[in-house]
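Colleague: Here you go, one structure.
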Amino acid sequence: MKLIELSSINQYYGQMQVLSNISLSLEEGEVLGLFGHNGAGKTTCMKLVLGLLKPTEGSVSVFGGLPTEAQRRRALGYLPENVTFYPQLTGLETLRHFARIKGASLSQVEELLDKVGLAHASQRRVKTYSKGMRQRLGLAQALLGQPRLLLLDEPTVGLDPIATQELYQLIDSLRCQGTGIILCSHVLPGVEAYIDRAAILSHGQLQAVGTLAQLAEQVGLPAWIRVKITEPQKWHDHLSGLGHQVRLLPGRELEVAAPNGDKISLLRTLLHEGVSDVEIHRPTLDDLYRHYVICAANTGGSL
Amino acid sequence: MNIWHIARKEISDGLRNRWLLAISLLFAILAAGIAWFGSATAGQVGFSSIAATIASLASLATFLVPLIALLLAYDSIVGEDEGGTLLLLLTYPLGRGQLLLGKFAGHGVILALATLLGFGSAALAIGLLVPDVDLQVLLVSFVRFILSATLLGWVFLAMAYVLSALAREKSTAAGLALGVWFVFVLVFDLALLALLVFSQGKLSPALLPYLLLFNPTDIFRQLNIMGLDENASLEGVMSLASELPLGNAGLWLSLMIWLGVMLAAAHFSLKARKI
Ligand SMILES: Nc1ncnc2c1ncn2[C@@H]1O[C@H](COP(=O)(O)OP(=O)(O)OP(=O)(O)O)[C@@H](O)[C@H]1O
Ligand SMILES: [Mg+2]
């Protein structure tokens, strides 16, 4: 079942168009990464899904209906990009308050505080929390009531590396239970392994949606094969002669671009010679992101 | 249910930051002071009469109750917005109307309790300490006073929500709240007096007293002063009140209409607020 279906959304703030012709969907148990520069429209997309904004044009359906329905909201978790909560309440009181409003069981509260690593600070006022602690509280809040749809707006902001890793693992385990997740982030390295599909937004336009492999294929960014080889100079000249993109690296290493389809045959050729080490660098999310955002900027993608 | 959860947080906030305690104490001390020293200017110290006490208390409450209500509630919407919790709450199974009613219920209870505890304890002290005071008159006039002061406070709470839902920043809401207080407590009566003076004969005299109904603080004062003493000397715009062909019930109803209209306005402006 489709958890989210955005179709042909055009969104305006006053006279300014911030989203144009956005169509996106999310399945159960799917993690969609939403990426884009500052002001690209990521948060706006989330607000549309949450029913906080009404689409100027186009339609939004969440769990097959309007997102404003109380029953649907109960099954939805949201981590906003900046929330300071109530400074005078303790972490525990804050979470209890939100649990009551959501109709989630109060026994879940301490469990969640433990899960996000705030158990030791649950009796302290939120006023005294560090940025990362507040972010963790926000996460715990989003997880109240075991949502089937989770919207995380820059969840890793302020988290330390270990907490970030734990968050990714949590996302993974939620996905396995069938939760659909949209994740906005500016931190691309590390997130690749945990998303099923990526959507890249630039100036309110969707530049690309798909699995990383699909995107890489679309773009035609080559993989790079890096080998340690006995006669790098000779091979450099040879491969360049054949029209390959080759780079000489220090330490008798050689890097060859392998566009789609070329990878195996190139590897075969290279492995026949005195190769002592091989690494393959597939285009990273970072590479893809750069490509799409720069392309969009060059073709005057601004609204 | 959700209304109660929001209300409950407001009430526990009111207990936590000692608002309830502070307002109750303030009311009790002022009320007791007025009861015992209110007639000091007339050369006597000590309790003079229930009517005089209620009249002075009503003047005091006219200033104080709106101010306290506005202070209590001016940041309830814009403050949540600044902390990001308004955005968050609206993604919960909670309508904007429910949020508003929850806030109103919470603040309303605090204000009602403070009024009851503060003025009620003053009434109790009078009843216990003043020899041969007419207990029935005391009870009736204080019940009326406390109820109407609470209702007046609620009207101003609702006005505070209107401001808070309209304002983009907390400081704007604070400024607007002071403005509202100024208009209803000070400016309105002066303007009405000016109107009386300059419009001699031009305005239908039968219409003028109704103008008082446009100020909830005037309705409140009428309710308490008229209810007491037929020959109480009414000053300023209150002299108009004696010509108002509205009984007590009409005055109560007017205050409630004020409350309903202001709550509706608050709901409307909260609905219209962009998140
Ligand atoms: N309340 C608002 N009123 C007017 N314009 C707004 C409002 N909120 C956002 N915008 C505009 O909409 C555009 C998209 O904003 P949005 O918050 O969706 O960006 P974003 O992709 O989340 O950016 P960031 O990475 O900085 O969080 C921006 O140009 C922003 O200026
Ligand atoms: Mg954003």
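Colleague: I'd like to check which strands (runs of 3 or more DSSP E) are fully inside region A:1-46 and have at least 2 residues that are more than 14 Å from every other protein chain (Cβ to nearest Cβ) and either free of Cβ contacts under 8 Å to residues at least 40 places away in the same chain or within 9 Å of ligand 1 (Cβ to nearest atom) (or both). Please lay out each step first, then the result.
Modeller: Working: elements: A:2-13, A:16-27, A:31-36.
Filter on region A:1-46 gives A:16-27, A:31-36.
Colleague: Being touching a strand residue (DSSP E or B) at 6+ places or on another chain (Cβ under 7 Å) and within 16 Å of ligand 2 (Cβ to nearest atom) is the filter; apply it to region A:62-104 and report the residue that is modelled with the lowest pLDDT.
Modeller: A:81
Colleague: I need the full set of residues from region A:237-259 which are in contact (Cβ under 8 Å) with a residue 24 or more places away in the chain and either loosely packed, with under 12 Cβ neighbours inside 10 Å or of a type in the set (Phe, Trp, Tyr) (or both), in order please.
Modeller: Here is the first cut: in region A:237-259, the residues in contact (Cβ under 8 Å) with a residue 24 or more places away in the chain are A:252-259.
Answer for region A:237-259, where residues must be in contact (Cβ under 8 Å) with a residue 24 or more places away in the chain and either loosely packed, with under 12 Cβ neighbours inside 10 Å or of a type in the set (Phe, Trp, Tyr) (or both): there is none.
Colleague: Can you name every residue in region A:48-61 that is within 16 Å of ligand 2 (Cβ to nearest atom) and touching a helix residue (DSSP H, G or I) at 6+ places or on another chain (Cβ under 8 Å)? Please lay out each step first, then the result.
Modeller: Filtering region A:48-61 down to residues within 16 Å of ligand 2 (Cβ to nearest atom) leaves A:48-50, A:52-53.
Within region A:48-61, A:52, A:53 qualify.
Colleague: Restricting attention to region A:54-113, which residues are assigned to a strand (DSSP E or B), surrounded by fewer than 20 Cβ atoms within 10 Å (Cβ to Cβ) and not hydroxyl-bearing (Ser, Thr, Tyr)?
Modeller: If the condition is that a residue be assigned to a strand (DSSP E or B), surrounded by fewer than 20 Cβ atoms within 10 Å (Cβ to Cβ) and not hydroxyl-bearing (Ser, Thr, Tyr), then A:57, A:58, A:65 are the ones that fit.
Colleague: A further question follows. Tell me yes or no: at least one residue of region B:81-97 is under 17 Å from residue B:263 (Cα atoms), of a type outside the set (Gly, Ala, Ser) and either within 14 Å of chain A (Cβ to nearest Cβ) or assigned to a helix (DSSP H, G or I) (or both).
Modeller: For region B:81-97, residues under 17 Å from residue B:263 (Cα atoms), of a type outside the set (Gly, Ala, Ser) and either within 14 Å of chain A (Cβ to nearest Cβ) or assigned to a helix (DSSP H, G or I) (or both): present.
Yes/no per residue for (1) at pLDDT 80 or above; (2) under 36 Å from the mean Cα position of the chain (by Cα):
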{"position": "A:221", "(1), (2)": "yes, yes"}
{"position": "A:227", "(1), (2)": "yes, yes"}
{"position": "A:236", "(1), (2)": "yes, no"}
{"position": "A:246", "(1), (2)": "yes, yes"}
{"position": "A:262", "(1), (2)": "no, yes"}
{"position": "A:282", "(1), (2)": "yes, yes"}
{"position": "A:286", "(1), (2)": "yes, yes"}
{"position": "A:289", "(1), (2)": "yes, yes"}
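Colleague: I would also like to ask the following. Can you find, within region A:141-162, the residue that is nearest to ligand 2 (Cβ to nearest atom) among those that are more than 23 Å from residue A:38 (Cα to Cα) and in contact with a Lys or Arg (Cβ under 7 Å, 6 or more places away or on another chain)?
Modeller: If we take residues in region A:141-162 being more than 23 Å from residue A:38 (Cα to Cα) and in contact with a Lys or Arg (Cβ under 7 Å, 6 or more places away or on another chain), then A:144 is nearest to ligand 2 (Cβ to nearest atom).
Colleague: Which members of region A:163-185 meet the condition of being more than 14 Å from chain B (Cβ to nearest Cβ) and within 16 Å of ligand 2 (Cβ to nearest atom)?
Modeller: We begin by selecting, within region A:163-185, every residue more than 14 Å from chain B (Cβ to nearest Cβ); these are A:163-181, A:183-185.
Selection gives A:183, A:184, A:185.
Colleague: From the list B:68, B:34, exactly one residue is surrounded by 17 or more Cβ atoms within 10 Å (Cβ to Cβ), modelled with pLDDT of 90 or more and not in a loop (DSSP other than H, G, I, E, B). Which is it?
Modeller: Answer to the check: B:68.
Colleague: Does residue B:102 fit the bill of being within 14 Å of another protein chain (Cβ to nearest Cβ), of a type outside the set (Asp, Glu) and farther than 23 Å from residue B:26 by Cβ?
Modeller: Considered against the rule, which asks whether it is within 14 Å of another protein chain (Cβ to nearest Cβ), of a type outside the set (Asp, Glu) and farther than 23 Å from residue B:26 by Cβ, residue B:102 comes out as yes.
Colleague: As an exercise: evaluate residue A:45 against (1) closer than 13 Å to residue A:141 by Cα; (2) within 16 Å of ligand 2 (Cβ to nearest atom); (3) under 18 Å from the mean Cα position of the chain (by Cα) and give the number of the one condition it does not meet.
Modeller: Looking at each condition in turn, residue A:45 falls short on (1).
Colleague: Is there any pair with a first residue in region A:81-110 that is more than 12 Å from residue A:123 (Cβ to Cβ) and a second that is within 16 Å of ligand 1 (Cβ to nearest atom) and assigned to a loop (DSSP other than H, G, I, E, B) whose Cβ atoms are under 7 Å apart and which are 6 or more apart or on different chains, and what are they?
Modeller: A:81/A:154; A:82/B:84; A:83/B:84; A:84/B:84
Colleague: Which number in (1) exposed (fewer than 13 other Cβ atoms within 10 Å of the Cβ); (2) touching a strand residue (DSSP E or B) at 6+ places or on another chain (Cβ under 7 Å); (3) not hydroxyl-bearing (Ser, Thr, Tyr) marks the one condition that residue A:131 misses?
Modeller: (2)
Colleague: Looking for whichever is under 27 Å from residue B:76 (Cα atoms) and in contact with a Gly (Cβ under 9 Å, 6 or more places away or on another chain) here; the options are A:113, A:79. Which one fits?
Modeller: Just one listed residue meets the conditions, A:79.
Colleague: For residue B:52, indicate whether it is surrounded by fewer than 22 Cβ atoms within 10 Å (Cβ to Cβ), in a helix (DSSP H, G or I), among the small types (Gly, Ala, Ser) and without any contact (Cβ under 8 Å) to a residue 60 or more places away in the chain.
Modeller: Answer is yes for this residue.
The values are calculated or read from the model by the stated rules, or taken from the named source; none is laboratory data. Note that the structure is predicted; figures quoted are calculated from it, not measured. Here Cβ is always computed from backbone atoms with ideal geometry, including for glycine, and neighbour counts include all displayed protein chains.
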